[in-house]
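Structure first, commentary second.
Derivation of every value follows stated rules applied to the coordinates shown; laboratory data play no part. What you see is a predicted model, and the numbers here were worked out from it, not measured in a lab. Here the Cβ positions follow ideal geometry from the backbone for every residue, glycine too, while neighbour counts run over all protein chains shown.
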Amino acid sequence: MIAVLAAEIRRGDLSPREAVQDALDRIERDDGAYNSVLSVRGEEALAEADALGAPVGMLHGVPIGVKDVIDVAGTRTTAASKVLADNVATADATVVARLRAAGAVIVGKLNTHEFAWGASTTSEAFGPARNPWDTERICGGSSGGSGAAVAAGLLPGALGTDTAGSVRIPAAFCGVTGVRPTIGRVPNRGVIPVSWTYDTVGPLARTAEDCALLLDVISGPEPGDASTTSVAAEPCLAGLGQGVEGLRIGVVSHLMGEVPLDPGVAGAVEEALAELGRLGARVERVDATFLRRAEVVQQLVMLPEAAEAHLPWLRTRLADYGADVRARLLAGLLLPSSAPITGQRARRALAEEARPLFERFDLLAAPEMPILAPRIGEDTVDVNGHELPYRLALIPYNSPWSCLGVPTASVPCGFVDGLPVGLALTGRRLGEATVLRAAHAYQRVTDWHERCPPAPA
Amino acid sequence: MSADSIPLPALAELRALARLQGVEPTDTDLEGVLGFLATVLPALRALEEQTGRDIPPAGLYLPDPEAT
């Protein structure tokens, strides 16, 4: 865990080189089973560890991985696509610069669904990332390599990106904690975009405490970067131990059974909500069916934005895209021009309609995913008797929070048939501190987040 | 015209629109787009009808700072 490892390094029990070498050894030994790391920064990372001076930051000497859509100077950013197979970044993304300023050492670039656009991390060009709990299954996506590497213990923490669930889904499927921050809290400069108005970088780690640490390091306005908000956000780590006594948690009714949901997942989430209630939170059901409009709103905006971002490559490298991403990009290219405007108009209306919900409750809760991790190549899933395309099954659980731009964490809350289940906790805009405080309180009385997958065969 | 009776464009029309933007998809690509449009166009029309036209679109980069 990051907090423990950082403390060991600060005490001098372990040197940055030893911490980095340990991560590199784990990747070398185990990642053949998971394919979670696309580029290993072996020599560079060791040299950077050796060059660290006296501890100056919270992450001094801690090895971290970043999703391979986030630039690290001098290292490939492939986005797991043939289109960018030889693309070497010339500068650090802002989030990478902030990690380095806090003393972290970037040891690898992590597998992703091609161009961070898909929820299975099964790139045609770079191969699928495999779930450490069952390597025949997907680890979710698009930040699947980040989820797998943390779950397998290759790295204590990683950064992913989230447009429509891409941090939360792999966190849930891999049994780790992941946070999609408020849009604008974390700078996107140096990150390959999917959708300007939905993208955000977020941390994945074993615990809420580690996510709070990472988030505090990468958060904050960046002068000249229009992707960040100038509104200051409350730090997450300082108030983490305040507990949930008196917090009002609204359980989104339609996501607890009206929309297709695996009964085992529902049971694990119900038990987690009962635990939060025993800890002093006031938990009650709330009707928020209007949020289902977010499912189409997000598609109307995200598809054309992605098509626009990819236009130069669509013109010259169309055949080099994987089939699924190419299909989505072309759909975005050929949607009516009214689609993103109608989508953004409906998005504002949705935010207005959601306002009373966030006044009434401190947090909203729901399952992060309605299903357990599907098998690799399984495009259709059975959700409590409903046959659904995998992609459609996940949208009702993820789009509302992306659409509203509010922070959401996926917190490990149980296992069904040996596979992890995630609880989604959603806060007000810039309310990450409350989200993580509740997750931390829950993790102090449960051990789901501490469980480790079996060693690879 | 009801939302579920929106006529879909022909492949040639879609190809012309793609060419306008400098992109040359295959027929297979365009058939996939048609399948997507068959689902999304009625949803778009329904959303247009549900959403007041006096509501300005959300920001094109960040959502409203005061939202939620």
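Observations, loosely collected:
- Given charges at beta-carbon only (K, R positive; D, E negative), |dipole| of chain A in Debye: 960 debye
- The DSSP beta bridges internal to the protein assembly as shown are antiparallel in roughly 70% of cases.
- Averaging 1/r over each pair of different alpha-carbon atoms in chain A and inverting the result gives 21.4 Å, the Kirkwood hydrodynamic radius.
- Residues whose placed amide H lies under 5 Å from that of A:VAL383, excluding near-sequence neighbours: A:LEU388
- Segment A:144-173 and segment B:17-34 have Cα centres separated by 34 Å.
- A straight line joining the Cα centroids of segment A:374-413 and segment A:32-56 runs 33 Å.
- Over all Cα atoms in segment A:279-437, the spread is summed up by Rg and Dmax: 17.9, 58 Å.
- Solvent-free Debye scattering, log10 I(q)/I(0), computed from the Cα coordinates of segment B:7-50 at q = 0.16, 0.18, 0.27 Å⁻¹: -0.47, -0.57, -0.92
- Computed from backbone phi with θ = phi - 60° and the Karplus coefficients 6.51, -1.76 and 1.60, the 3J(HN,Hα) list for segment A:23-32 is 5, 4, 5, 4, 4, 4, 6, 10, 6, x Hz; x is used for glycine and proline.
- Mean shadow area of segment A:244-351, taken as a quarter of the surface of its Cα convex hull (nm²): 9.6 nm²
- Model label points for A:ASP86 and A:ALA51, set 7 angstrom from Cα along the Cα-to-Cβ axis, are 2.7 nm apart.
- With neighbours defined as other Cβ atoms within 10 Å of a residue's Cβ, the residues A:ILE9, A:ILE70, B:ILE6 order from fewest to most as B:ILE6, A:ILE9, A:ILE70.
- Average Cα contact separation per residue, chain A, under 8 Å, 6 or more apart, as relative contact order %: 17 percent
- A Cα-only calculation for segment A:367-429 places Rg and Dmax at 12.7, 36 Å.
- Amide hydrogen proximity for A:GLY118: with H placed 1.01 Å from N in the peptide plane, the residues at 5 or more positions away or on another chain lying under 5 Å are A:SER142.
- Expected 222 nm ellipticity per residue - DSSP helices of 4 or more, -39500 (n - 2.57), all of chain A, to 500: -12000 deg cm²/dmol
- 3J(HN,Hα) from dihedral phi, segment A:207-223, Karplus parametrisation 6.51/-1.76/1.60, rounded to Hz, x for glycine, proline: 10, 5, 4, 5, 5, 4, 4, 4, 5, 4, 5, 8, 7, x, x, 10, x
- As a proxy for reagent exposure, A:THR200, A:THR380 were ordered by neighbouring Cβ count within 10 angstrom, fewest first; the result is A:THR380, A:THR200.
- When only alpha carbons of segment A:31-125 are considered, Rg and Dmax amount to 13.7, 44 Å.
- Equivalent ellipsoid, segment A:118-203 (semi-axes from 5 times Cα gyration tensor eigenvalues, Å): 21, 14, 10
- The ranking of A:TRP313, A:TRP448, A:TRP117 from fewest to most other beta carbons within 10 Å of each one's beta carbon is A:TRP313, A:TRP448, A:TRP117.
- Taking θ as phi - 60° and the Karplus parameters 6.51, -1.76 and 1.60, the scalar couplings of segment A:11-17 work out to 6, x, 5, 8, 8, x, 4 Hz in sequence order, x denoting glycine and proline.
- For the residues of A:228-238, the average number of beta carbons from a partner chain within 10 Å of their own beta carbon is 1.
- Amide H to amide H distances under 5 Å link A:LEU423 with A:GLU368, A:VAL411, A:CYS413, where only residues 5 or more positions off or on other chains count and H is placed in the peptide plane.
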